[in-house]
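Please treat every number below as a calculation from the coordinates, not as lab data. The structure displayed is predicted, hence computed values, not measured ones. Here the Cβ positions follow ideal geometry from the backbone for every residue, glycine too, while neighbour counts run over all protein chains shown.
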Amino acid sequence: RDIVSWTSMISMYGQIGEVELAKLVFDSMPLRNEVSWNSMVSVYALNGRYSPAVEILRDMDLEASSLNDITFVDILSVCSHLGLLSESRSLFGSMIQDRGMVPTMEHFGCLVGVMGRSGHLEKAQELVQSMPYTPDSAAWMTLVGSCKLHHDVGRGSHAAKRASKLTTLKSAPYVLLYTMY
């Protein structure tokens, strides 16, 4: 077996929800690279397990494997889906200050998601409008989804209008908004 085969097995087990089997394969690997580490973080992210994902990040640091954009998107995604605002902010800050990384649109999207899920809709909207990228439909749709969750029709309507201007599926933001009523 080579590293690609091992990593493929990890990903496959993660996709079918067999996290323990993925971890067993990961632990059995004779050699790991950045992709195999990121695959294990993705397995935890895909299956909503924050603590083990953070533990893998720490292990990556200890084994001098580089944490990259993908690693942080995965872990921020876990935080976002679990509503872990404090952890997200801490990781986002660490990414910039400790590692000198430049956040991508996806990193900002995860932050918008966790702020929105946590009920900080005004701050989420401010972030969409102030991030150093032109917001895409995904950023606005993330805000629409959060507005739906917290029944903020006014803000959701504004975000839906912005999203519809940026997507080929013009009705998608409004369908999501409609389900608020």
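The angle between the Cα long axis of helix 3-15 and the main principal axis of the chain comes to about 50°, on a 0 to 90 degree scale. Given their separation in residues at 0.36 nm each and the Cα-Cα distance between them, Asp69 and Ser90 gain 6.0 nm when the chain is fully extended.
When the convex hull of the Cα atoms of the chain is projected onto a plane and the area is averaged over all directions, what value comes out in nm²? Display every interim value, and only then the final one.
Values: hull surface 44.3 nm².
Reported value for the Cα convex hull: 11.1 nm².
For the chain, the longest principal axis of the Cα atoms and the long axis of helix 69-82 meet at an angle of about 60 degrees. Taking label points 7 Å from Cα along the Cα-to-Cβ direction, Ile3 and Asn47 give a separation of 2.4 nm.
Please give the contour-minus-distance gain from Ala138 to Asp61: 0.36 nm per residue of separation, less the Cα-Cα distance, rounded to one decimal in nm. Mind dumping the intermediate values first?
Values: separation 77, 0.36 × 77 = 27.72 nm, distance 3.09 nm.
That works out to 24.6 nm of additional length.
Its Cα centre serving as origin, the range 1-74 has a Cβ charge dipole (Lys and Arg +1, Asp and Glu -1) of approximately 140 debye.
To the nearest ten degrees, helix 105-117 and the longest principal axis of the Cα atoms of the chain are 70 degrees apart.
Grab the other residues whose beta carbon is less than 13 angstrom from that of Val78, score K and R as +1, D and E as -1, and report the net. Numbers along the way, then the final one.
Numbers: positive: Arg49, Arg117; negative: Glu55, Asp74, Glu87.
Computed value for this residue: -1.
Going by average Cβ density within 10 Å per residue, which order do the peptides 135-145, 150-160 take, highest to lowest? It would help to have the intermediate numbers written out before the result.
Numbers: 135-145: 22.6, 150-160: 17.8.
Those peptides, ordered most packed to least, come out 135-145, 150-160.
Dipole of the chain computed with +1 at Lys/Arg Cβ and -1 at Asp/Glu Cβ about the Cα centre; of Leu166, Leu62, Leu24, farthest Cα towards the positive end is Leu166.
What ranking do Val19, Val43 get, fewest neighbouring Cβ atoms within 10 angstrom at the top? Could the numbers behind the result be given before it?
Working: Val19 18, Val43 28.
Fewest to most other Cβ atoms nearby, the residues stand as Val19, Val43.
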